[in-house]
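Beneath this line is the structure, given in C-alpha cells, with notes to follow.
The values are calculated or read from the model by the stated rules, or taken from the named source; none is laboratory data. Given the structure is predicted, the values throughout are model-derived calculations rather than measurements. Ideal geometry is used to build each Cβ from the backbone, glycine not excepted, and the neighbour counts take in all protein chains shown. Ligands, DNA and RNA are excluded from the accessible area calculation, which covers all protein heavy atoms including side chains. Shrake-Rupley method; radii C 1.70, N 1.55, O 1.52, S 1.80 Å.
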Amino acid sequence: MKKSKSASLGRLFSGLLLSAFLVIGCEPPVSGDVEENKTLTLKQRINNAKSGETIDLGKEEISITEGDSYTVDKSLTIVNGAAKNATFIVTADGVLFKNVADVERIIAGEELGDGDLSIRNCYEIDYLHVNGGGKNSIHIASTEIGELKVSKKDVRIVLETDEEGEKTAKVNTAIIEEDCKLEGADGLSFGTVQIEDPEVEVNTEKAEISDYKLKL
C-alpha cells in the first residue's frame with residue numbers, strides 16, 4: 001500500500017514538473033477578441049504614405065506629438081485637424097494643407113524646386129518660409145499667415161479666394177529677401193512688406209500692401 005502511494009506521488013510530481021516546463025517554454029494563447037494596436041504617430045503615417053494619398057487627421061487613428069517636425073517628401077493632402085504647433089518641411093510638389101490648425105511653421109524647402117504648395121482653409125499658421133517654388137507656386141486661400149518670409153528668387157506667392165469665393169486670405173507681415181512676385185485677388189492683403197535689401201525687386205502689381213518698409 002505504501003509503495004503504491006509513493007509511486008502515485010512520484011508520477012504526480014513528474015507531471016507537475018513537466019507542465020511547468022511546457023508553460024515556461026510556450027507563448028500564451030492570444031484571444032481572438034484582442035485587437036492589434038493600429039495607432040501610428042503622424043511622422044510614421046507621413047513616412048509610410050504613398051504619393052497622392054490623403055491623411056485625414058480627424059478620422060484616422062494618429063497620435064500627434066506637441067511641437068514635432070515632419071518632412072513631407074511626396075505629394076500628399078493633409079486635412080482636418082490640429083497639428084499641435086508642428087513644423088512641416090515640404091520638399092515635394094503638389095502638397096496641400098486643408099482645414100489644418102495650430103501650425104508653428106510651414107517651410108517650402110529648396111528641394112521643392114519650381115513645384116507648388118497650397119494652404120487652404122487653415123488656421124493659426126504662425127510662419128511660412130518660402131525657400132523653394134517657382135513662378136506659379138505658393139497658393140494661400142482662406143488662411144491667415146502670421147509671418148511670410150521669402151528666400152527663393154523669382155517665386156510667386158498668391159492670395160486666392162476659396163471654393164465659395166470667400167476673400168479671407170491674409171498675410172500680416174512679409175519679409176522679402178529675394179526678387180519675387182506677390183499677387184492677390186481684390187481685397188486680399190499682404191499687410192506690412194519689409195524689403196531686406198534695396199537691390200531686391202518685388203512685383204506687387206496685383207497685390208494689396210498696407211505698408212512698405214525698406215531695411216537700410
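Working carefully through the options Ser51, Ser8, Ser63, Ser4, find the one that is modelled with pLDDT of 95 or more and out of contact with any strand residue (DSSP E or B) (no Cβ under 7 Å at 6 or more places or on another chain). Give the steps one after another, and end with the answer.
Details: Ser8 fails: modelled with pLDDT of 95 or more; Ser63 fails: out of contact with any strand residue (DSSP E or B) (no Cβ under 7 Å at 6 or more places or on another chain); Ser4 fails: modelled with pLDDT of 95 or more.
Among Ser51, Ser8, Ser63, Ser4, only Ser51 is modelled with pLDDT of 95 or more and out of contact with any strand residue (DSSP E or B) (no Cβ under 7 Å at 6 or more places or on another chain).
When only residues in the stretch 129-149 that are assigned to a loop (DSSP other than H, G, I, E, B) and closer than 16 Å to Leu188 by Cα count, which is nearest to the chain's Cα centre (by Cα)? Before you say what the answer is, go through the steps one by one.
The initial filter retains those residues of the stretch 129-149 that are assigned to a loop (DSSP other than H, G, I, E, B), namely 131-137, 142-143.
Going one step further and asking which of them are closer than 16 Å to Leu188 by Cα, we end up with 142-143.
Working: Ser142: 18, Thr143: 16 Å.
Within the stretch 129-149, the match that is nearest to the chain's Cα centre (by Cα) is Thr143.
Select from the stretch 129-138 the residues that are open to solvent by less than 30 Å² (accessible area, probe 1.4 Å) and modelled with pLDDT of 95 or more and list them in ascending order.
Listed by number, the residues that qualify are Val130, Gly132, Gly133, Ile138.
I need the strands (runs of 3 or more DSSP E) fully contained in the stretch 44-128, keeping only those with at least 2 residues that are open to solvent by 40 Å² or more (accessible area, probe 1.4 Å), under 26 Å from Glu178 (Cβ atoms) and touching a helix residue (DSSP H, G or I) at 6+ places or on another chain (Cβ under 9 Å). Show your work before the answer.
Working: elements: 54-56, 69-72, 77-90, 95-108, 117-120.
Per the criteria, 69-72.
Any idea which of (1) of a type in the set (Asp, Glu); (2) at pLDDT 95 or above; (3) over 21 Å from Tyr127 (Cβ atoms) is the one Glu166 doesn't satisfy?
Of everything listed in (1) of a type in the set (Asp, Glu); (2) at pLDDT 95 or above; (3) over 21 Å from Tyr127 (Cβ atoms), Glu166 misses just condition (2).
Could you list all residues from the stretch 152-195 that are among the hydrophobic types (A, V, I, L, M, F, W, C), over 25 Å from the mean Cα position of the chain (by Cα) and not in a loop (DSSP other than H, G, I, E, B)?
The answer is Cys180, Val193, Ile195.
In this structure, is Ala141 of a type in the set (Gly, Ala, Ser), farther than 24 Å from Tyr212 by Cβ and open to solvent by 10 Å² or more (accessible area, probe 1.4 Å)? First the steps, then the outcome.
Details: of a type in the set (Gly, Ala, Ser): yes; farther than 24 Å from Tyr212 by Cβ: yes; open to solvent by 10 Å² or more (accessible area, probe 1.4 Å): no.
In short, no.
Among what's in the stretch 169-204 and is among the small types (Gly, Ala, Ser) and open to solvent by less than 50 Å² (accessible area, probe 1.4 Å), pick the residue that is modelled with the lowest pLDDT.
Here is the first cut: in the stretch 169-204, the residues among the small types (Gly, Ala, Ser) are 169, 174, 184-185, 187, 189, 191.
Next, from what is left, pick out any that are open to solvent by less than 50 Å² (accessible area, probe 1.4 Å): 169, 174, 184-185, 189, 191.
Values: Ala169: 94, Ala174: 97, Gly184: 92, Ala185: 86, Ser189: 93, Gly191: 95.
The extreme case among them is Ala185.
How about the stretch 147-163: which of its residues are of a type outside the set (Asp, Glu) and surrounded by 17 or more Cβ atoms within 10 Å (Cβ to Cβ)? Can you show your working first?
Within the stretch 147-163, the subset of a type outside the set (Asp, Glu) is 148-153, 155-159, 161.
Result: Leu148, Lys149, Val150, Ser151, Lys152, Val155, Arg156, Ile157, Val158, Leu159, Thr161.
Could you tell me which numbered condition Ala207 fails, if it satisfies all but one of (1) surrounded by 18 or more Cβ atoms within 10 Å (Cβ to Cβ); (2) out of contact with any Lys or Arg (no Cβ under 8 Å at 6 or more places or on another chain); (3) within 30 Å of Asp73 (Cβ to Cβ)?
Result: Ala207 fails condition (3) only.
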